[in-house]
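Report on the structure given below.
The values are calculated or read from the model by the stated rules, or taken from the named source; none is laboratory data. In this text, all values refer to a predicted model and were calculated from it rather than measured experimentally. With ideal geometry, Cβ positions are generated from the backbone for all residues, glycine too; neighbour counts draw on all protein chains shown.
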Amino acid sequence: MLVTDVAQTQLLIVGAGPCGLVAATTAARYGIDVLVTEQRGGGSSLSRALVVSTRGMELMRRIGLEDAVRAGAADVEPTALVTSTLTSTEGSVIPLGFPSDTEAAEASPCRPAWAPQSHYEPLLVSHLQAAPSATLQFGTRLIDLEERSDCYRATLLDVTSGSQNFVDARFVIGADGAHSTVRNKVGVSMEGPDDLADYERVEFVAPLDAVIGARGHALYVLEHPDVAGAVLARRGREDRWGLSRERPRGAAGMEDLSHDDLVTLVRTATGVQNLELTVERFSRFRFAAQIADHYRRGNVFLIGDAAHRMTPRGGTGMNTGIQDGFDIAWKLAWVLRSWAGLQLLDTYEAERRPIGLHNIGRSAEPGGARRSTNEALSWDLDGRVAHAWLDHNRTRMSTIDLISDGLTLFTAEDHSQWPSVADTTGWATPLEVVVLDIGTAAALGLPPTGAALVRPDGHEIARWTAADAPPKPGPAWSRPAET
Ligand SMILES: Cc1cc2nc3c(=O)[nH]c(=O)nc-3n(C[C@H](O)[C@H](O)[C@H](O)COP(=O)(O)OP(=O)(O)OC[C@H]3O[C@@H](n4cnc5c(N)ncnc54)[C@H](O)[C@@H]3O)c2cc1C
């Protein structure tokens with residue numbers, strides 16, 4: 001085909017799920033010219049993920065959406081109750097690895113939000129649409145991706161008209177979910193099982209708030225013999241609920257039941273015999289525990305479900321994916337703005353794939369939902385600089401809030417040598433110096449004469465005392481290897 005009209009973009013992102021949207025929003029924040037193509041005609045109404053983790057909420061805070069996400073979150077304890085039915089007064093409590101409000105307050109300015117994906121995806125869409133350097137095209141499916149000498153040529157199909165058009169992009173992010181076309185086009189394979197179990201869910205509205213009373217649990221794992229193993233969960237702030245259960249292969253599903261039988265099933269699960277409910281939708285999903293053998297091929301990067309498929313156990317699929325999206329987007333932005341060299345991009349797979357592998361392993365365990373807060377939170381925060389409240393220009397802020405889009409130097413000493421830190425690297429990365437009081441510096445593990453150099457994701461890449469020789473962080477700005 002003779003191609004005469006080819007659009008250009010610095011960054012093409014395929015897929016406007018939560019991970020593609022976070023990546024696009026992050027790149028747009030740096031003024032990067034980003035095009036997002038999404039095959040759906042508009043935003044998704046699937047509730048799927050029910051919890052945004054502590055670190056996920058820190059990213060929402062950075063984007064400016066923390067309060068808006070919180071506004072759609074259920075007020076629940078971050079625990080599961082194993083019980084006969086929802087209204088049973090007996091049961092045992094299981095920790096899910098998400099911090100309580102008190103635990104979260106020690107570690108972060110944020111706490112997890114038990115809000116459904118259908119609540120915050122539209123928030124991310126609106127936010128992206130307001131970014132001057134970003135374009136979001138709904139109803140546009142990527143059908144081909146061809147590597148050229150200096151770019152990737154994408155063939156995009158308008159799903160309504162059937163017409164095709166072409167875009168040349170310097171970098172491509174595949175955020176197109178579990179069955180990623182981008183992944184297939186660049187020849188990356190998935191490792192691991194994709195058929196651990198089949199699950200189904202009915203989503204409904206019913207007046208259960210009044211039944212539960214005070215703050216309930218995030219999940220209820222049911223033991224009543226007629227619904228054994230099923231899980232009831234609130235979907236956000238309103239009285240919306242989901243009942244999920246394993247669906248044996250070949251067995252009739254919940255959507256095959258008569259309305260009366262379905263109502264009986266939900267009434268059994270809740271223990272409320274006269275419950276009135278409105279069914280909103282049925283869905284099915286397969287448990288998979290897979291990881292891409294590579295997160296990168298050339299200048300194409302995979303994030304979210306395109307890079308890893310986790311079962312819902314542990315609530316890590318989307319939370320891992322939005323952190324992937326943030327990670328690769330700021331790195332690409334730095335390269336595109338000539339703040340760093342191409343070596344920085346090598347750190348994406350090196351830093352994010354081990355987290356994906358860990359969370360996949362957890363989600364594959366039958367008991368993978370159960371975790372202590374300490375263990376799960378350390379994987380979620382992934383070693384970012386410590387949180388401490390401080391008075392900054394007469395405003396109460398967290399150290400996390402002071403991390404800039406370039407490099408940030410935290411120090412207790414306002415010393416003229418600090419700006420020269422950037423000069424030692426050869427890159428034109430902007431540097432912001434944040435002078436802390438001695439107590440806050442100590443919370444970051446810094447002596448009064450010390451300083452720490454931090455990337456946009458909060459990872460420290462160099463630390464020294466003022467008496468040291470001038471610092472020389474690695475040119476790739478990578479995190480120091482674990483010792
Ligand atoms: C029941 C259930 C509960 C879950 N609970 C949690 C939870 O509590 N916490 C959590 O972190 N995760 C949870 N997850 C996982 C979470 O939903 C996914 O990990 C998350 O949606 C992945 O986001 P994504 O942006 O990578 O992909 P998706 O959300 O799948 O988005 C991919 C997008 O790409 C588009 N697309 C696909 N192909 C193309 C193409 N060729 N061209 C253009 N567009 C394309 C699709 O239309 C889609 O909009 C749950 C999943 C399920 C099923």
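Mind telling me which of the residues Ala175, Ala214, Ala197, Ala210 ends up being surrounded by 21 or more Cβ atoms within 10 Å (Cβ to Cβ) and either within 16 Å of the ligand (Cβ to nearest atom) or without any contact (Cβ under 8 Å) to a residue 24 or more places away in the chain (or both)?
Matching residue, one of Ala175, Ala214, Ala197, Ala210: Ala175.
Given (1) within 30 Å of the chain's Cα centre (by Cα); (2) over 28 Å from Asp101 (Cβ atoms); (3) not in a strand (DSSP E or B), identify the lone condition not met by Arg281.
Condition (3) is where Arg281 drops out.
Arg353 fails exactly one of the following numbered conditions: (1) touching a Phe, Trp or Tyr at 6+ places or on another chain (Cβ under 9 Å); (2) without any contact (Cβ under 8 Å) to a residue 12 or more places away in the chain; (3) charged (D, E, K, R). What is the number of that condition?
In the conditions (1) touching a Phe, Trp or Tyr at 6+ places or on another chain (Cβ under 9 Å); (2) without any contact (Cβ under 8 Å) to a residue 12 or more places away in the chain; (3) charged (D, E, K, R), Arg353 misses (2) alone.
Against the definition (assigned by TED's automatic domain parsing to the domain that holds Ala134, within 11 Å of the ligand (Cβ to nearest atom) and buried (at least 18 other Cβ atoms within 10 Å of the Cβ)), how does Ala16 come out, yes or no? Break it down into steps so the answer makes sense when it comes.
Details: assigned by TED's automatic domain parsing to the domain that holds Ala134: yes; within 11 Å of the ligand (Cβ to nearest atom): yes; buried (at least 18 other Cβ atoms within 10 Å of the Cβ): yes.
In short, yes.
Which residues, counting only those in the stretch 442-483, are at pLDDT 90 or above and within 29 Å of the chain's Cα centre (by Cα)?
Residues satisfying the conditions are Ala443, Leu444, Gly445, Val454, Arg455, Pro456, Asp457, Gly458, His459, Glu460.
Can you work out which of the residues in the stretch 217-230 that are away from the ligand (no atom under 16 Å from the Cβ) and among the aliphatic types (A, V, I, L, M) is surrounded by the fewest Cβ atoms within 10 Å (Cβ to Cβ)? Spell out how you get there, then give the answer.
Of the residues in the stretch 217-230, the ones away from the ligand (no atom under 16 Å from the Cβ) are 222-228.
Pick out the ones that are also among the aliphatic types (A, V, I, L, M) and you get 222, 227-228.
Numbers: Leu222: 27, Val227: 19, Ala228: 11.
Per the stated criteria, the residue is Ala228.
Consider the stretch 312-328. How many of its residues are within 7 Å of the ligand (Cβ to nearest atom) and outside any helix (DSSP H, G or I)?
So the count comes out to 3.
Just checking, which of Val205, Val182 is in contact with a helix residue (DSSP H, G or I) (Cβ under 7 Å, 6 or more places away or on another chain), in contact (Cβ under 8 Å) with a residue 60 or more places away in the chain and β-branched (Val, Ile, Thr)? Walk me through it before giving the result.
Numbers: Val205 fails: in contact with a helix residue (DSSP H, G or I) (Cβ under 7 Å, 6 or more places away or on another chain).
Being in contact with a helix residue (DSSP H, G or I) (Cβ under 7 Å, 6 or more places away or on another chain), in contact (Cβ under 8 Å) with a residue 60 or more places away in the chain and β-branched (Val, Ile, Thr) holds for just one of Val205, Val182, which is Val182.
Can you pull out the residues in the stretch 285-311 that are surrounded by fewer than 22 Cβ atoms within 10 Å (Cβ to Cβ) and not in a strand (DSSP E or B)?
If the condition is that a residue be surrounded by fewer than 22 Cβ atoms within 10 Å (Cβ to Cβ) and not in a strand (DSSP E or B), then Asp293, His294, Gly298, Asn299 are the ones that fit.
Of the conditions (1) within 16 Å of the ligand (Cβ to nearest atom); (2) under 25 Å from the mean Cα position of the chain (by Cα), Glu191 fails just one. Which one is it?
(1)
Does the stretch 292-304 contain at least one residue that is away from the ligand (no atom under 16 Å from the Cβ) and touching a Ser or Thr at 6+ places or on another chain (Cβ under 9 Å)?
yes
If you check Arg371, Arg352, which single one turns out to be closer than 23 Å to Asp293 by Cα and modelled with pLDDT of 95 or more?
Arg352
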